[in-house]
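I have placed the structure first, in the form of structure tokens, so that the comments after it can refer back to it.
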Amino acid sequence: MAATLPPTSSNITGLILAGGRGTRMGGVDKGLVLLDGKPMAAHVIARLTPQVNSLLINANRNQGAYAAFGWPVWPDEQPDFAGPLAGLQAGLQHCATPYLATAPCDSPFLPQDLVSRLAQSLQDADADLAVAATLDPETEAVQPQPVFMLLKTTLLTDLNDYLRGGGRKMETWYRRLNYCETLFSDTEAFRNINTRQQLEQ
């Protein structure tokens, strides 16, 4: 479906990226690890759902547990846990709206205006893809947060070609495209929980 209309919550699908190995947390499925009595993915779903038309979940393990959240679950088509781009590919392949917004399953504090801010930037810049970014509190350098993005689903063809050519890095892929960055002041909102220690904190 061609992205001809401006992005609004009614024509954006949300994608929860939960397809990783969870290596730094001992190989557990991070989206299902409990935080305040609920799976981390449940926190992300609760924050993202009001911002979009519907949701998809990308998961390569425990698909029944993810399906229990009430949204369609799709695994990577790429083998061997090929990273967030493989999850993005799966989401784009099954997205029924002209825009897709992504968030990882281990970032339970994501901004409640994430999608609207990305959509406004996309429209203002006449871009095909908008990436969230924050300022490093020490260096004040702009730090992209590329697993939080909004993009036109027409980019699937380019992503397929990139993956087919052996590409795997998110930033290398999107920096080739017509993209823009959306600066958020709250760096904590993008904090992801990678280890048991971070979870306890």
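The values are calculated or read from the model by the stated rules, or taken from the named source; none is laboratory data. Note that the coordinates shown come from a computational prediction; the quantities given were computed from them, not determined experimentally. Here the Cβ positions follow ideal geometry from the backbone for every residue, glycine too, while neighbour counts run over all protein chains shown. Calculation scope for accessible area: heavy atoms of the full protein, side chains included, ligands and nucleic acids excluded. Shrake-Rupley method; radii C 1.70, N 1.55, O 1.52, S 1.80 Å.
In table form, for the structure just shown:
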{"item": "Test result for residue 131, farther than 13 Å from residue 51 by Cβ and touching a Pro at 6+ places or on another chain (Cβ under 6 Å)", "result": "yes"}
{"item": "All positions within the range 42-92 that are assigned to a helix (DSSP H, G or I) and under 19 Å from residue 164 (Cα atoms)", "result": "84, 85, 86, 87, 88, 89, 90, 91, 92"}
{"item": "Residues being under 14 Å from residue 7 (Cβ atoms) and part of a loop (DSSP other than H, G, I, E, B) - total across the range 111-143", "result": "4"}
{"item": "Sole exception among (1) open to solvent by 20 Å² or more (accessible area, probe 1.4 Å); (2) of a type in the set (A, V, I, L, M); (3) under 19 Å from residue 9 (Cα atoms) for residue 142, by number", "result": "(3)"}
{"item": "Residues of the range 9-44 classified as modelled with pLDDT under 95 and among the β-branched types (Val, Ile, Thr), total", "result": "3"}
{"item": "Any hit, the range 145-160, residues being surrounded by fewer than 16 Cβ atoms within 10 Å (Cβ to Cβ), part of a helix (DSSP H, G or I) and of a type in the set (D, E, K, R)", "result": "yes"}
{"item": "Residue that is farthest from residue 118 (Cα to Cα), among those in the range 34-48 that are free of Cβ contacts under 8 Å to residues at least 60 places away in the same chain and surrounded by fewer than 22 Cβ atoms within 10 Å (Cβ to Cβ)", "result": "37"}
{"item": "Count - residues of the range 65-113 that are among the polar types (S, T, N, Q), within 30 Å of residue 185 (Cα to Cα) and open to solvent by less than 60 Å² (accessible area, probe 1.4 Å)", "result": "4"}
{"item": "Test for residue 182: is it open to solvent by 50 Å² or more (accessible area, probe 1.4 Å), of a type in the set (S, T, N, Q) and more than 15 Å from residue 48 (Cα to Cα)", "result": "no"}
{"item": "Residue match in the range 93-110 (condition: farther than 14 Å from residue 30 by Cβ, of a type in the set (Val, Ile, Thr), touching a residue at least 60 places away in the same chain (Cβ under 8 Å) and outside any loop (DSSP other than H, G, I, E, B))", "result": "yes"}
{"item": "Cβ pairs under 6 Å, 6+ apart, first in the range 49-69 and closer than 16 Å to residue 95 by Cα and polar (S, T, N, Q), second modelled with pLDDT of 95 or more and open to solvent by 70 Å² or more (accessible area, probe 1.4 Å)", "result": "53/10; 58/74"}
{"item": "Residue 187 vs. criteria of a type in the set (Val, Ile, Thr) and under 30 Å from residue 32 (Cβ atoms)", "result": "yes"}
